[in-house]
Amino acid sequence: MSTTLNEKITEMFREHADSLLRMSFLYLKDRHLAEDAVQETFLNAYRNLEKFKGNSSEKTWLTRIAINACKNIMRSPGYRHPHTELTEQIPDNSVDWLNTERVSVSAEVGKLPLKYREAVLLYYYRELTTEETAKLLKVPRTTVEYRLRRAKTLLRKTLKECYFNE
């Protein structure tokens, strides 16, 4: 492979690895599995970089690869939900990530049913639009909007005491 590909994948890694790790962690609820998913994401991206036509942003393309890597891990025979508390393993890539409020919210997001968790992770954590999220999840935009509303309702109920004065 050419140096240009190596430089490009290195640049993509620097720009997207931390956010992909956080997303994968919240998806899989295990730091080591999330690291494996991110590693697999960049291996697949490297293998397919020449095929990337730019029809979507790098962020969207890498997110789709990461989601597929997470789903492959979840389908593997050895996968089982970890028993460790979510807040004990949150990746410590930045001080902001360890902010108590974010840890609490992240822990609750991690407890959402997968279809709601996916929508929240893509829209809020990866900052994709509802259209991009719908395309990645292969569902209509209105379905993404519903899942986000439903996720907020569920989160509001669980986080009511800490964050909402109702």
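The values are calculated or read from the model by the stated rules, or taken from the named source; none is laboratory data. None of the values given here were measured: they were computed from a predicted structure. Here Cβ is always computed from backbone atoms with ideal geometry, including for glycine, and neighbour counts include all displayed protein chains.
Would you check if there is a residue in the range 83-97 being modelled with pLDDT of 60 or more and not in a loop (DSSP other than H, G, I, E, B)?
no
I need the full set of residues from the range 1-54 which are more than 18 Å from GLU132 (Cβ to Cβ), of a type in the set (Gly, Ala, Ser) and either in contact with an Asp or Glu (Cβ under 6 Å, 6 or more places away or on another chain) or modelled with pLDDT under 90 (or both), in order please.
Answer for the range 1-54, where residues must be more than 18 Å from GLU132 (Cβ to Cβ), of a type in the set (Gly, Ala, Ser) and either in contact with an Asp or Glu (Cβ under 6 Å, 6 or more places away or on another chain) or modelled with pLDDT under 90 (or both): just SER2.
Would a scan of the range 55-67 turn up a residue that is modelled with pLDDT of 85 or more, charged (D, E, K, R) and farther than 30 Å from THR10 by Cβ?
Here is the first cut: in the range 55-67, the ones modelled with pLDDT of 85 or more are 57-67.
Right, trim to charged (D, E, K, R) and you get 58-59, 64.
Next, only the ones that are farther than 30 Å from THR10 by Cβ stay: none.
Checking the range 55-67: not a single residue is modelled with pLDDT of 85 or more, charged (D, E, K, R) and farther than 30 Å from THR10 by Cβ.
Assigned to a helix (DSSP H, G or I), modelled with pLDDT of 85 or more and surrounded by fewer than 18 Cβ atoms within 10 Å (Cβ to Cβ): which single residue out of GLU131, GLU101, GLU118 fits that description? Talk me through it step by step, then tell me what you get.
On the way: GLU101 fails: modelled with pLDDT of 85 or more; GLU118 fails: surrounded by fewer than 18 Cβ atoms within 10 Å (Cβ to Cβ).
Just one listed residue meets the conditions, GLU131.
Which residues, counting only those in the range 1-51, are more than 15 Å from the chain's Cα centre (by Cα) and not in a helix (DSSP H, G or I)?
MET1, SER2
Residue by residue through the range 70-80, note down the ones that are within 22 Å of THR129 (Cβ to Cβ) and out of contact with any Leu (no Cβ under 9 Å at 6 or more places or on another chain).
Residues of the range 70-80 within 22 Å of THR129 (Cβ to Cβ): 70-71.
Once the filter is applied, which keeps residues that are within 22 Å of THR129 (Cβ to Cβ) and out of contact with any Leu (no Cβ under 9 Å at 6 or more places or on another chain), the range 70-80 yields only LYS71.
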